[in-house]
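Worksheet: one structure, shown below.
The values are calculated or read from the model by the stated rules, or taken from the named source; none is laboratory data. Given the structure is predicted, the values throughout are model-derived calculations rather than measurements. Backbone-built Cβ (ideal geometry, glycine too); neighbour counts: all protein chains shown. Side chains included, ligands, DNA and RNA excluded: accessible areas come from the protein's heavy atoms. Shrake-Rupley method; radii C 1.70, N 1.55, O 1.52, S 1.80 Å.
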Amino acid sequence: MHITRTKTDIRELCAEWRQPGTPLVLVPTMGFLHEGHLSLMRLARQRAGVQGRVIASIFVNPTQFGPGEDFDSYPRDEARDFDLLRAEGVDAVFAPDAAAIYDPQAQTIVETTELAKTLIGKLRPGHFRGVATIVTKLFNIIRPDAAIFGEKDYQQLAVIRTMTRDLDMGVEIIGAPIQREADGLAMSSRNVRLAPADRAAAPVLARALDQAEAMAPSGITASRLRSHVRATLEAEPRARVQSVDIRDAGTLDTISGPLTRPAVILLAASFGKVFLIDNRVVHPSPEET
Ligand code: PAF
């Protein structure tokens, strides 16, 4: 596995590899890899085929963290990450530091103007501008044919699909299903920072989503479903509920009245200082699934 630290090195490697019939597939990450990330690497290998190349990036991107957020305490373990990527047969890793990525004179940002303002964008102003800008830079540096992102960050995936389409980036965006622990907690690099009592409480997110999924085909309105989910979360004293939203699964538009099309339930809650998100697409009738 090639380990590269500079834009020049990864560009040269990708230029060598870029041939007809050998797709380059990128998996952008912020490291501290878990089984969820490894499932993205496997999907990348399937998409790349034996001839193609899988490239992972590891970069804890400072511009997507707001003041007072967990940039400094975000878990990092590069040596372990490299071992895991090697074991998955990843061809190259791009692991720059911030100075190798951002020019202090830079003045250009990428923003999905509407999507960035709603949902998590309200809780974390500027977050999606940071995500869209770094992903654009990674796409320009690596020029992948396809890139894989987890569906746990549902709004992030929508932002990336939208910017890729709007700016004609020509990169195929592939979403990968959420991976869960045995008790239902969605896998996240942040889970290791949960205190034991918070770790025990956090599966309430998945439980609330299970209940909502079961209730969705009953003709329930979006607002009643939302109240039910919120009540389940609020019954857990260790959860500080940040947001509960039910939106159109495709457009992320607000929904009112009975569910008539697939909807996504988006949750954000803090447990101690750890901010967690989760989501589930639910269907108004069994035949819609
Ligand atoms: O999902 C993440 O890990 C990050 O937001 C990403 C896409 C790697 C951009 O920094």
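Observations, loosely collected:
- Remark: the stretch 68-227 is approximated by an ellipsoid whose semi-axes, taken from the C-alpha gyration tensor as √(5λ), come to 30, 23, 17 Å, largest first.
- Restricting the calculation to Cα atoms, the stretch 90-153 shows an Rg/Rh of 0.99 when the hydrodynamic-style radius is the Kirkwood one.
- Once C-alpha pairs closer than 8 Å and six or more residues apart are averaged by separation and normalised to the residue number of the chain, the relative contact order reads 17 percent.
- Based on protein heavy atoms only, the chain ends up with 47 Å² per residue of surface accessible to a 1.4 Å probe.
- Think of each Lys and Arg Cβ as +1 and each Asp and Glu Cβ as -1; about the Cα centre, that makes the dipole of the chain roughly 260 debye.
- For the chain, the residue among A195, T162, P262 whose Cα projects farthest onto the positive side of the dipole built from Cβ charges is A195.
- Rg over Rh [alpha-carbon atoms, Kirkwood Rh] for the stretch 167-274: 1.01
- Selection among V93, S73, Q51 by position relative to the dipole of the stretch 1-106 gives Q51 as farthest towards the positive end (Cβ unit charges, Cα centre).
- Whole-number percent relative contact order across the stretch 136-227, with pairs defined as alpha carbons under 8 Å at least 6 apart: 22
- Computed over the stretch 30-170, relative contact order equals 28 percent, with contacts defined as Cα pairs under 8 Å that lie 6+ residues apart.
- Distance between modelled label sites at A197 and R224, nm, 7 Å Cα→Cβ extension: 3.6
- Each 5 Å bin, from zero up to the one with the longest distance, holds this percent of the alpha carbon pairs of the stretch 232-289: 4, 18, 24, 19, 15, 12, 6, 1, 0.
- Percent accessible area from carbon and sulfur atoms, the chain, protein chains only, probe 1.4 Å: 50
- Taking the charge dipole of the chain about its Cα centre, with +1 at Lys and Arg Cβ atoms and -1 at Asp and Glu Cβ atoms, the residue from T113, M30, I3 reaching farthest to the positive side is T113.
- Simple Cβ-charge dipole of the stretch 6-137, Lys/Arg +1 and Asp/Glu -1, about Cα centre, in debye nearest 20: 480
- The fraction of all Cα pairs in the stretch 53-133 landing in successive 10 Å bins from 0 to the largest distance is 15, 38, 34, 14, 0, given as whole percents.
- The stretch 1-46 shape via C-alpha gyration tensor axes, a/c threshold 1.5: oblate
- Ordering 85-91, 23-29 by mean Cβ neighbour count within 10 Å, with the highest value first, yields 23-29, 85-91.
- Spin-label model, R165/R143: points 7 Å from Cα along the beta carbon direction are separated by 2.6 nm.
- Computed P(r) (all Cα pairs; the chain; 5 Å bins; percent): 1, 5, 12, 15, 18, 17, 13, 10, 6, 3, 1, 0
- Shown in residue order for the stretch 6-17 are the 3J(HN,Hα) couplings computed by the Karplus curve 6.51 cos²θ - 1.76 cosθ + 1.60 at θ = phi - 60°: 10, 4, 4, 5, 6, 4, 5, 4, 5, 4, 5, 7 Hz (x for Gly and Pro).
- Under the Karplus curve 6.51 cos²θ - 1.76 cosθ + 1.60, θ = phi - 60°, whole-Hz ³J(HN,Hα) for the stretch 240-245, x wherever Gly or Pro sits: 9, 6, 9, 6, 9, 10
- The Rg/Rh ratio for the stretch 14-81 is 1.08, where Rg is the radius of gyration of the alpha carbons and Rh is the Kirkwood radius.
- Beta bridges per DSSP with both ends in the chain, % antiparallel, nearest 5: 55
- The stretch 10-159: projected area of the alpha-carbon convex hull, averaged over directions, in nm²: 9.4
- Computed from label points 7 Å out along Cα-Cβ, the spacing between D77 and T22 is 3.4 nm.
- Cα centroid separation, the stretch 210-279 to the stretch 4-58 (Å): 34
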